[in-house]
1. Being of a type in the set (S, T, N, Q), closer than 21 Å to Asp61 by Cβ and at pLDDT 95 or above narrows it down to one of Thr4, Thr23, so name that one.
2. Among the residues of the stretch 32-41, are any of a type in the set (A, V, I, L, M), out of contact with any Pro (no Cβ under 7 Å at 6 or more places or on another chain) and free of Cβ contacts under 8 Å to residues at least 40 places away in the same chain?
3. Tell me, which residue of the stretch 24-79 that is more than 19 Å from Gly12 (Cβ to Cβ) and β-branched (Val, Ile, Thr) is surrounded by the most Cβ atoms within 10 Å (Cβ to Cβ)?
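The values are calculated or read from the model by the stated rules, or taken from the named source; none is laboratory data. On a predicted model such as this, the values are computed, not experimentally measured, just so you know. Please note: Cβ atoms are built from the backbone with ideal geometry, for glycine as well, and neighbour counts cover all protein chains shown.
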Amino acid sequence: MKKTIVLLPGDGIGPEVTRAAATILRETAQEFSHQFEFAEFPLGGAAIDAAGTPLPNETLDACHKADAVFPGRSGIRCPWESARKADCSACARDWGCM
């Protein structure tokens, strides 16, 4: 079985958790003769810093094309310098959090 998995590490503890999960998925794939191709894209506060938006079009497009999506922890922390420029409540509404 060959599958493409998009990793969305996000921010906070997300990158650490996502790295650990990807390691487990790689070991599982090896054990069961599967092939997982991983692609990482920004989401949340990390995406705001990288692209100025919590969900860049590139990230969304990759998720639509992937066989699976592994989201890490993502959020918007308004004390985050770049997030001060964003409307935090609007971003939360866009994500369905409000």
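1. Values: Thr23 fails: closer than 21 Å to Asp61 by Cβ.
The match here is Thr4.
2. Looking through the stretch 32-41, at least one residue is of a type in the set (A, V, I, L, M), out of contact with any Pro (no Cβ under 7 Å at 6 or more places or on another chain) and free of Cβ contacts under 8 Å to residues at least 40 places away in the same chain.
3. First, the residues of the stretch 24-79 that are more than 19 Å from Gly12 (Cβ to Cβ): 24-39, 52, 57-58, 60-68.
Narrowing further to those that are β-branched (Val, Ile, Thr): 24, 28.
Working: Ile24: 9, Thr28: 11.
Of everything passing the filter in the stretch 24-79, Thr28 is surrounded by the most Cβ atoms within 10 Å (Cβ to Cβ).
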